[in-house]
Amino acid sequence: QAKRVLTENALVGYFLPCKLAVYVENGTTKIGMPKPTAVIGLVENDALMNIASDIEKRLTACVDKSI
């Protein structure tokens, strides 16, 4: 997906790779990430927003399965 995004707009390379934060707070492991749709929204490109939405759904599903 990164290649598709970078082909559309090379400036998006500033946002890649998608970051995940894993940490423990009050004895509970937490996982968080910036939403790809929010980050891609900075470049105002509908094609990229569609890709970001798909990536966000997949990353969220991965995080949900890990809990």
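We did not get these values from a lab; they are worked out from the coordinates using the rules stated. The structure displayed is predicted, hence computed values, not measured ones. We place every Cβ from the backbone using ideal geometry, glycine too, and count neighbours over all the protein chains shown.
Inside region 1-59, can you point out the residues that are assigned to a helix (DSSP H, G or I), small (Gly, Ala, Ser) and loosely packed, with under 15 Cβ neighbours inside 10 Å?
Quick first cut of region 1-59, residues assigned to a helix (DSSP H, G or I) only: 2-8, 10-15, 36-43, 46-59.
Now restrict to residues that are small (Gly, Ala, Ser): 2, 10, 13, 38, 41, 47, 52-53.
Hits for region 1-59 are Ala2, Ala10, Gly13, Ala38, Gly41, Ala47, Ser53.
Of the residues making up region 41-67, those that are of a type in the set (Val, Ile, Thr) and over 13 Å from Arg4 (Cβ atoms) are Val43, Thr60, Val63, Ile67.
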